[in-house]
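Note sheet for the following structure.
Read-outs: derived from the displayed coordinates by stated rules, not from any lab. Predicted, not measured: the structure shown is a model, and the values here were computed from it. Neighbour counts run over all protein chains shown; Cβ positions are idealised from the backbone, glycine included.
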Amino acid sequence: MKTEDLVSLLSTGAEPVDLRLPSRRWLLALAGGALIAFLLTAGLLKLNPALWHATSQPMFWVRESYCMVLGVLGFIAVVRLARPGLRLGLAPVGIAVAVIAMWVLALMTLAAASPQDRAALILGHTAGACPFLIALLAAPLLAALLAVMRSLAPTRLRWAGAASGFAAGSVGALVYTLHCPELAPAFIGTWYLFGMLIPTAIGAWLGPRLLRW
Amino acid sequence: MIEERLRSLMLQSLAGDAAAYRIFLDELTTHLRSYLRRRLGGLPEEVEDLLQELLLAVHNKRHTYGPKQPLTPWVQAIARYKLVDLLRRRSRSDVLTDPLVEDDQVFARTANDAAEAQYDVAKLLRGLPDRQRLPILYVKIEGASVTDTAIRTGMSESAVKVGVHRGLKALAERIRSIE
């Protein structure tokens, strides 16, 4: 076929394009993924019975903000990576700053604690399960984000997959806080982060396999 | 210059102006062809194939263009992605005479002569299911309206639009798998 014929084929009868379609798909994926994570938490894991009591502690809100900030920044990276020709901007820097801030807080609490209490601050009571439960809660959202990503035009597939995984992991962690009783910064900075990095790694692996167009 | 002109043509196209879209694609064709000729020095027979694949990609992904975003980097990113994808599929990285450097702009120089791709879109079209083939045939090739096509095919108008949309995506997939 001649290229000019293809141009004529593509332009003939061209319809208006709805440019809000990508944002609608992202919001739908986010809402759906977060809802499933919440249902899994409430149904399978059970909400933390001391949740209301925990809200009076400042560290509860530090933990919520940490997950929320990482989720928002991860989501910004996801949206930008889905459009060709956009730079990532400061989202990765913001993520690094939030992670390091939590580590600094963790080191401060560990330094202030007596040596025999330090292991308990890091391990809490649920270190073995926490990262895997966060990854489990993140899985439906990761699938939804990758599906939307496929309908758009990522050009850096590994990064696009990794960012989808990180955003899903952060939202999964945020929902997991409704179940999780742990509030020590050393615990959050270690096991929550590990939990977010599992879907990130899975996303980075899936990206080049699923997102090609 | 090029940015402002193409961007305003693109915005008109996205609003549904088919005449502006034709001018946009024509000008894009000229720029992309000379870009691909420079990049695919070792594979001259690929230029027209990849050019058509790129035009289909721009068309099928035009909903990912943000109206506040500069247009040339958007096209450039798609062109680089498709070029790298082609070279990877071919496992022929040796055809690259030099690495893909940022300053090699899609919009730097222009070349202008019509050319033909090696594959036959008409033949590829025949392989599509009727619910995609007929809408493309009537709306996009014969230039019939969506309403007339709906009457001729017995499909609903939205099914005609969906058929065109999915058919062009399927066509792009098939062209990609031939290469």
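Evaluating 6.51 cos²θ - 1.76 cosθ + 1.60 at θ = phi - 60° for every residue in segment A:110-127, the Karplus couplings come out as 5, 5, 7, 7, 6, x, 6, 8, 5, 4, 5, 5, 7, 8, x, 10, 10, 4 Hz, glycine and proline recorded as x. Approximating the spin labels as points 7 Å out from Cα along Cα→Cβ, the residue B:4-to-residue A:108 distance works out to 5.2 nm. Treating each Cα of segment A:125-167 as an identical point scatterer and summing with the Debye formula, the log10 of I(q)/I(0) at q = 0.24 Å⁻¹ comes to -0.79.
The helix-based estimate of mean residue ellipticity at 222 nm for chain A, built from -39,500 (n - 2.57) per DSSP H run of four or more residues and divided by its residue count, is -23000 deg cm²/dmol to the nearest 500. Name the shape class, rounded, prolate or oblate, that the alpha-carbon gyration tensor gives for chain B, where a ≥ b ≥ c are the square roots of its eigenvalues, rounded holds for a/c under 1.5, and otherwise prolate holds if a/b is larger than b/c and oblate otherwise. Cα axes put chain B in the oblate bin.
If I take all pairs of Cα atoms in chain A, what percentage of them are more than 20 Å from each other? Here the long-distance tail beyond 20 Å is 60 percent of all Cα pairs in chain A. For segment B:1-86, with the dipole built from +1 on Lys and Arg beta-carbon atoms and -1 on Asp and Glu ones, taken about the Cα centre, which of B:86, B:54, B:74 lies farthest toward the positive end? So the residue we want is B:74. Basic side chains Lys and Arg get +1 at the Cβ, acidic Asp and Glu get -1 at the Cβ, and with that the dipole of chain B about its Cα centre reaches some 580 debye.
Dipole magnitude for chain A: about 380 debye, using +1 per Lys or Arg Cβ and -1 per Asp or Glu Cβ, origin at the Cα centre. Think of the protein assembly as shown as having a plus end and a minus end, set by charges on the Cβ of Lys, Arg, Asp and Glu; of A:178, B:158, A:71, A:178 sits farthest toward the positive end of this dipole. Cα-based values for the protein assembly as shown, radius of gyration first and Dmax second, are 25.2, 82 Å. The charge dipole of the protein assembly as shown, taken about the Cα centre with unit charges on the Cβ atoms of Lys, Arg (+1) and Asp, Glu (-1), comes to about 540 debye, rounded to the nearest 20.
For the protein assembly as shown, the number of Lys pairs with C-alpha atoms closer than 14 Å, counting only pairs eight or more positions apart or on separate chains, is 6.
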